[in-house]
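To start, the structure under review is shown below, and the notes come after it.
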Amino acid sequence: MDASLLSILAIGFLLGIKHAIEPDHVIAVSTIASKTRSLWKSSLAGVYWGIGHTATLFLVGMLLFIFNATITDKWAMSLEMLVGFMLVFLGIKTLLTKTANTGLKGSKSYLQSGMIGFIHGLAGSAAMVLLTMSTVETLFQGAVYILVFGLGTCAGMLCFTTILGIPFVATRRQIKLNHQLTLATGMLSVGFGFYYIYRIGITDGLFTFL
């Protein structure tokens with residue numbers, strides 16, 4: 001593996017970390033962190049998000065590479081819109097299950113985080129494939145690049161969900177404060193989700209395709 005490819009992979013890893021902490025990703029995972037009663041579980045939820053996200057990017061990316069295909073603007077924007085609806089759903093679900101002493105069991109929270117990551121991966125697959133195609137030359141290099149990028153997203157989300165989990169774990173015995181933090185998380189997710197839907201549908205023009 002030559003130095004130029006190593007440099008590309010290092011950049012991919014750093015881009016993965018940066019990608020993990022985009023607002024829609026952080027807000028979505030914060031709805032999971034708000035329900036965990038353990039910092040370790042909160043951290044692992046971030047890792048599972050990264051695994052789900054990477055799995056989608058890898059599967060979609062490899063298929064598009066093999067068939068030399070692209071995702072149309074309409075499909076790419078539709079998948080982005082799906083993220084907005086997911087954020088609204090997660091926010092409402094958080095608001096409806098806001099009791100401070102009720103947390104998700106480990107396996108359930110990890111599965112939910114993985115599914116959130118999977119949906120985010122679908123939404124970001126078009127841009128990821130374009131970036132990869134412009135960066136590498138072969139299918140093998142593309143696969144390695146996506147996996148390294150995914151490793152970066154796992155690392156970034158691991159760190160960030162650990163940080164997100166601290167206030168919820170620290171206030172688990174302060175029921176009123178924990179309750180307020182959870183409410184704020186749910187409301188933020190709903191609000192940002194509607195903003196996301198409006199931006200994709202109206203500002204970016206998805207509804208003009210329909």
Matching option when the condition is touching a residue at least 60 places away in the same chain (Cβ under 8 Å), surrounded by 21 or more Cβ atoms within 10 Å (Cβ to Cβ), in contact with a helix residue (DSSP H, G or I) (Cβ under 6 Å, 6 or more places away or on another chain) and farther than 26 Å from T171 by Cβ, among G16, G91: G16
Scope region 29-46; condition buried (at least 20 other Cβ atoms within 10 Å of the Cβ) and either among the charged types (D, E, K, R) or over 18 Å from V169 (Cα atoms) (or both); matching residues: K35, K41
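Here is a yes/no grid of residues against (1) in contact with a Gly (Cβ under 6 Å, 6 or more places away or on another chain); (2) outside any helix (DSSP H, G or I):
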position: G114; (1), (2): yes, no
position: I119; (1), (2): no, no
position: L122; (1), (2): no, no
position: V129; (1), (2): yes, no
position: E137; (1), (2): no, yes
position: I146; (1), (2): yes, no
position: L151; (1), (2): no, no
position: C154; (1), (2): yes, no
position: T162; (1), (2): no, no
Among residues of region 33-87, those that are in a helix (DSSP H, G or I), in contact (Cβ under 8 Å) with a residue 12 or more places away in the chain, farther than 26 Å from T162 by Cβ and not aromatic (F, W, Y), counted: 15
Only one of I197, I166, I175 that is at negative phi and within 18 Å of the chain's Cα centre (by Cα): I197
Checklist (1) in a helix (DSSP H, G or I); (2) closer than 20 Å to K35 by Cβ; (3) not hydroxyl-bearing (S, T, Y) applied to R172, failing item: (1)
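Can you work out which of the residues in region 69-105 that are basic (K, R) and either closer than 30 Å to L177 by Cβ or within 16 Å of the chain's Cα centre (by Cα) (or both) is modelled with the lowest pLDDT?
Of the residues in region 69-105, the ones basic (K, R) are 74, 93, 98, 105.
From the residues that got through so far, the ones that are either closer than 30 Å to L177 by Cβ or within 16 Å of the chain's Cα centre (by Cα) (or both) too are 93, 98, 105.
Numbers: K93: 90, K98: 63, K105: 54.
Checked region 69-105; the qualifying residue modelled with the lowest pLDDT is K105.
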Count of region 182-203 residues which are surrounded by 19 or more Cβ atoms within 10 Å (Cβ to Cβ) and within 15 Å of T36 (Cα to Cα): 3
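The values are calculated or read from the model by the stated rules, or taken from the named source; none is laboratory data. Everything numeric here is computed off the predicted structure, so don't read it as measured data. Cβ: placed from backbone, ideal geometry, glycine included. Neighbour counts: every protein chain shown.
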